[in-house]
Structures are given as C-alpha cells and as structure tokens.
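Single-structure report; data block below.
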Amino acid sequence: MVEHADLVEIEKGRGRTFLVISPHADDATIQCGGTLALLARSGWRLVLARITNDALDSIGLDRATTIAQNTEQLHRAAAVIGVDDIFELGYETDRMSEVSEVQLRETLIRLYRTVRPYAVFSFDTLPATGENNQDHIRVSEAADEAFWTAMFDKHHPEHMQEGLSPHGVFERWYFGRGLLHVNAVVDVSASIEAKIEALAAHETMLLNMASQIRLQASTGGVGVLVPAGPDHTVARWLAEHLVRSRAAAVGARHGLAFAEEFRVARFSSPGSELPRRVGPS
C-alpha cells in the first residue's frame, strides 16, 4: 500500500555509511541495487552483510562449487554497484529458522557496532505479500531487534571489552517482495543498467531460478517461459527481464521510468518531539 510516498533525492554521503543486510547473495541487488548504485555515486560508504553461504542455490553443481561460485559472483556484483566492504557471516542457507534469534541478533548487534552505519537496508518485518522465505523473515526480525539493542550498553558488554561501543542507527530502509506500506520511492532510471549488470553477475543463482521457473511451468502445462541457450545468455536474459519489468512496474505507479520502493523509518524516540539540530554540530 502506498500511503504518501516521497520521491527521495539521494544526498551526498559526507563520510556516512549505508549497511545492507542481505540474507542471500542476490537479495541486495534485486531489492535495492539501483538505489545502492546511486548512493555509491554520491559518495556513501556501502557495506554489505551476506548472512548465508548460499550453499544450495545452484543447479547441477556440488556444494563446494556452489559456495565458491556464488561468493565470487557476489563480489563481482558488489563491485559493479560500488560496494566498499562485504561481511560474510556464513550461516547455512535455507536453515535460518534453526538459528537462535538471540544468537543471530548478537551477531548483528556486533555488526552495527563495528560498521556504525547511518542507515540500514533490510527486509521488512511487517507482513509482506508473497514473503514465504524463512531466511528473509528470520533475518529481518533479528536485524530490527538489533536496531534497538545495539544502543543498550548492557546488551553484550563483552563487545565493550573488545573496544566496541553502543551505536544508534538513524534511518532504517525496508524492502520486500510486496511491501504493505510504502513511503519512499527512488528514481533509479540513471542506475538501471548497473543494477542489470550486477544481477547478471549472479549467473549460478539465476540459472537455478530459471530451472525453478521451467519446473513450475512444466507442472502447470505452460509453454517455455525462459529461452534456451548458453548459460551466460540465459542468465543475462533473466536479469534483464527481472530488473526492467519490476522497476518499470514500480516506476509506473509514480510517473517514473524505473523506480524502487521502500518503507523508511527515520529517527524516532520518546524525545524525538524535542527541537533538534539536523546534521553535524
């Protein structure tokens, strides 16, 4: 649901950091790759935290090869977008529902206190249309809980003994497959090609996605939806199709060629009604 969606102008980074919490290697590019590319061009420091190892996201490859290829392709995609640093957390993919939320939260609290971001991208914790991926759900819940608990000095005092200190994130940017609440839109027309290039780099995951589409189509008796051809050609076609069709549909809702939508929660606290200075003192 689009409440009142402001067209967000990307500010200059001025030394600030955006952290994107990406449960899987391709989530960041699919969900906010165009915005990330614009942030990079505006001088923001971009840090990507990949939560899982994506060991199962391939077709016809063994586990070790799958991990190696997905990791290499993530780093290639990140370079296209302009990501500065990547944290590989290495949890087992498609099994985040087995991980203690408290343990995962501690990992993310440590990440917030280490990276000290101005803003964080993550999957939305509010119910979203079509979200059935438990990795997305569990990571989003822990990331949101860590937003608060990273500010409490009694949450994991061992971090302080390691030289870290409490940290407060100023903005939370939520993405999702079907957000119920949208209040921010970014025109990504100028970065759509970078987003396509970045997603096309995830060839191993795209080929697995193509296999899934073909299997579902076969079960339903639907004609071939993904063209046949060399792996690189198929992956590139799918990346082009996914990025352009989705960004164009979002853009059409706001009178733009290509866009990405978010729910953005900015600084809010029991004292947020008090007068405050905006920007460095």
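No lab work stands behind these numbers, since they all come straight from the coordinates. Because the structure is a prediction, the values reported are computed rather than measured. Don't worry about glycine lacking a Cβ; one is built from the backbone with ideal geometry, like all the others, and counts go over all protein chains shown.
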Inset, instruction - With springs only between Cα atoms under 10 Å apart, run a GNM on the chain and tell me which of Phe87, Phe123, Phe258 wobbles the most. - result: Phe87
Inset, instruction - Have a look at Val222, Val169, Val115 and tell me which one the Gaussian network model of the chain (Cα, springs below 10 Å) gives the largest fluctuation. - result: Val222
Inset, instruction - Rounded to the nearest 10 degrees, what's the angle between the helix 203-220 long axis and the longest principal axis of the chain, both from Cα atoms, 0 to 90? - result: 60
Inset, instruction - For helix 27-41, report the angle its Cα long axis makes with the longest principal axis of the Cα atoms of the chain; keep it between 0 and 90° and round to the nearest 10°. - result: 60
Inset, instruction - Exposed loop GluC sites (Glu not before Pro) only (DSSP loop, at most 14 other Cβ atoms within 10 Å): please give the longest stretch of the chain free of them, not including the sites. - result: 163-272
Inset, instruction - Quick one: what are the phi-derived ³J(HN,Hα) couplings along region 98-115, Karplus 6.51/-1.76/1.60 with θ = phi - 60°, whole Hz, x for glycine and proline? - result: 8, 8, 4, 5, 5, 5, 5, 4, 4, 4, 6, 4, 4, 5, 4, 6, 7, 7
Legend entry - Which of Trp148, Trp44 has the fewest Cβ neighbours within 10 Å, and the rest in rising order: Trp148, Trp44
Inset, instruction - Return the loop-located trypsin sites (Lys or Arg not before Pro) in region 1-108 (DSSP other than H, G, I, E, B) with at most 10 other Cβ atoms within 10 Å of their own Cβ; answer none if there are none. - result: Lys12
Inset, instruction - Mind telling me which of Ile196, Ile109, Ile67 comes out most flexible in a GNM of the chain, alpha-carbon contacts under 10 Å? - result: Ile67
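Given an 8 Å cut-off on Cα distances and at least 6 residues of separation, report the relative contact order of region 1-126 as a percent.
33
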